[in-house]
Amino acid sequence: MGVAVEAPDRPAGVYPAMLRAVRSCLPVYRILLAHTPGHVVLVVGTVLASQLSLLMTLWLPWKLVVMLTGSQGPTLLPRALSHMPQKTQVLVVGGAIVAAYVLHLAAEKLIDWLCEHGAQKQWQASEKTGLFNNQSKTARQAYQRLLRSAAALVFAGLAMMALAALYPAMLLAALLWCGLVPLALHGAIAWRPSLAHGVRDSLNRLMGGFVQGGFFCALAIVVWQYWRDALPPLLVVLVALILLRQALQQIAFVVLHFAALDRQRSQVRALFLPDVRWQAPAAVRSPFDELLEPARREQWMREVLHSQLGLPLEGMRLDVQTRTLGAGNIKALFVKLHDDGAASNHGFLFKLFDHARDAAAQQEADLLDLGAAGLPAFEWLGKTRVNGFACHLMRWNTQSRRTNGAEYAQGVSALRARLMGFEPPAGLVERYRRSRALLPERLPHIRFDALREAAADKAQADAIESLRLAWPSFVQAMQAMPLQLIQPHLSSNAIFREEDGSFRIHDWADWRLEPLGAGWPLSQHMARDLAHALAQASAVRALPAGVTAQQAGLAARLHEFERRHARENYQGAANMVAGLLR
């Protein structure tokens, strides 16, 4: 069972989303008050104590600075303290700052403890069996968010009441700010619904801006009243500013907590409500997924073809086939153009990369920009961005086809030999060296102690020790080898067969540069196959005279040996030692 993330309804604005979150949480609050009333009261009270302690840590340092400057004794302090010597007052106020901060930290730890035990008690009261993975962690987080939200609202209300008594003008500015910001966001989303995803994804930054903006508005009120000679006492202004900032922060926390609860509302309701069963929600539709919807997809494809190639596409129909690459975050879109019912032999390949694969997009673009002419690749037409996502454009022959099972083995063998004959451009090699470690640079980090522990018997352990002693010569041999381009993950989906029988690759997102022969599959016929591939490669690129099939075979074995070691398959690496020594 996997952890599912709640798919929120398509957001229509700020107010409907928050109201929906509050409505979904009200039954949960009733259950919490019924089963764990003591924990609810204690958490709310402890949060208030924590915030009051934090308020003291912000206010007392200012009082301490006033005292150290030799100004008149501080107000709002106990009468007994005001009659003490000034140095004693400084010591007492300094100790109070430390005590307030320690109390704040202790209260936060107590809140965590209370929420963990309250969530456990609530989970036991629900009498439900396993729902989904990480259910205890989800219950603890949801319980804490629910109670912290309630406590934050109580604190914000008390702070607003204090502002009403201390500084009504600042209270009015705060209320206007708290009303106008959501209205502005709601209006912006209603005007342009596509902004909803941006608001949801950047909610943390928006709430930070909400707090800072409200504080600056309060400062503007202070400056305005000072200009009009209507400013209250400085002590009142300082306390009001601190209260306002804390109130705005608590309001922001409430919004963030309810947004998180809304994303997991089906999990939260299933965890805490006895009559609600768990049902995994539908997956969230991301902006990347929305670009692949047929109507949206055709729109941006036509725009890219027109802007990149200047093609007139009026009256043409686009026939699209979608293929998923990698872990689903790279989409290959093969497009055929139909004009008056007739299909052109020249189609286009769009490759759209999610943000999680930005590095792969750059790697493929760098390779095809610098060395596409000598590669068995589709015709490279360039790169662009679609709604912020990397997009690559290639041309392909619509008469070519994907390889079947028998052709795949033949195609992989032919492509490996073709890649061995490709001379990587000097600029590409330098860029790669600055980015990744080559095989000779990874080999010195082999853990021979781990290999000895994985040895099957004493003979294999002795062979590992012999390999360790000879290891510098292996590293030196790899340093002297020329480099070649390899494709570690060459699947049948990435290989096409042309009409003339040649093979081409359309996915270059994970290419590597390694010593000649690296990446070649280990087999009984490897020496013969490498000798044949080297003969083909030497006809199209200049290879050093000392490069032999035996050295290329050593590079293939060391590459596989290092791959197993990097994956902590020490037993598999130890089994290769005898072959390396031969």
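The values are calculated or read from the model by the stated rules, or taken from the named source; none is laboratory data. The shown structure was predicted, so the numbers you read here are calculated from the model rather than taken from an experiment. Note that each Cβ is placed from the backbone with ideal geometry, even for glycine, and that neighbours are counted across all protein chains shown. Surface areas here come from the heavy atoms of the whole protein model, side chains and all, with no ligands, DNA or RNA. Shrake-Rupley method; radii C 1.70, N 1.55, O 1.52, S 1.80 Å.
Accessible area ranking (1.4 Å probe, heavy atoms, ligands and nucleic acids excluded), largest first, for 408, 101, 29: 101, 408, 29. Nonpolar atom fraction for the chain, defined as the carbon and sulfur part of the 1.4 Å probe accessible area, stands at 58 percent. Per-residue ellipticity at 222 nm from helix content only, as computed over the chain with -39500 (n - 2.57) for each DSSP H run of at least four residues, stands at -20500 deg cm²/dmol.
With a 1.4 Å probe and all protein chains left in place, how much accessible area per residue does the chain have, in Å²?
Numbers: 29680 Å² over 582 residues.
Accessible surface, normalised per residue, equals 51 Å².
Distance between the C-alpha centres of the range 377-403 and the range 505-576: 29 Å, rounded to the whole angstrom. In the range 457-582, a dipole from Cβ-located charges (positive for Lys and Arg, negative for Asp and Glu) runs towards its positive end, and of 474, 487, 565 it is 474 whose Cα lies farthest in that direction.
Which semi-axis lengths, in whole Å and largest first, follow from the square roots of five times the eigenvalues of the Cα gyration tensor of the range 225-337? Spell out each step's value before the answer.
On the way: eigenvalues 532, 175, 22 Å².
Calculated on Cα positions only, the semi-axes equal 52, 30, 10 Å.
The GluC sites (Glu not before Pro) of the range 303-377 meeting both criteria, a DSSP state outside H, G, I, E and B (loop) and at most 12 other C-beta atoms within 10 angstrom of the site's C-beta, are 314. Check the chain and count each lysine pair with an alpha-carbon distance under 23 angstrom, considering only pairs eight or more places apart or from different chains. Taking the chain as the scope, the lysine pair count is 10.
Which helices, taking whole DSSP H runs in the chain, have alpha carbons extending 30 angstrom or more along the helix axis plus mean Kyte-Doolittle at least 1.6? Show your work: numbers first, answer last.
Details: long enough: 14-35 (32 Å, 0.85); 37-68 (46 Å, 1.56); 86-126 (59 Å, 0.30); 135-166 (45 Å, 0.62); 168-191 (34 Å, 1.73); 203-227 (36 Å, 1.01); 234-263 (44 Å, 1.75); 458-479 (31 Å, 0.00).
The answer, listed by residue number, is 168-191, 234-263.
The stretch between residue 125 and residue 453 holds 113.1 nm of extra length on full extension. This uses 0.36 nm per residue minus the Cα-Cα distance. Remark: spin-label model distance residue 225-residue 109 equals 4.0 nm, labels positioned 7 Å along the Cα→Cβ axis. Residue ranges 181-193, 260-272 sort as 260-272, 181-193 when ordered by packing (mean number of other C-beta atoms within 10 Å per residue, highest first).
The label point for residue 320 and the one for residue 359, both projected 7 Å from the Cα toward the Cβ, are 2.9 nm apart. Placing pseudo-labels 7 Å out from each Cα toward the beta carbon at residue 468 and residue 295 gives an inter-label distance of 6.8 nm.
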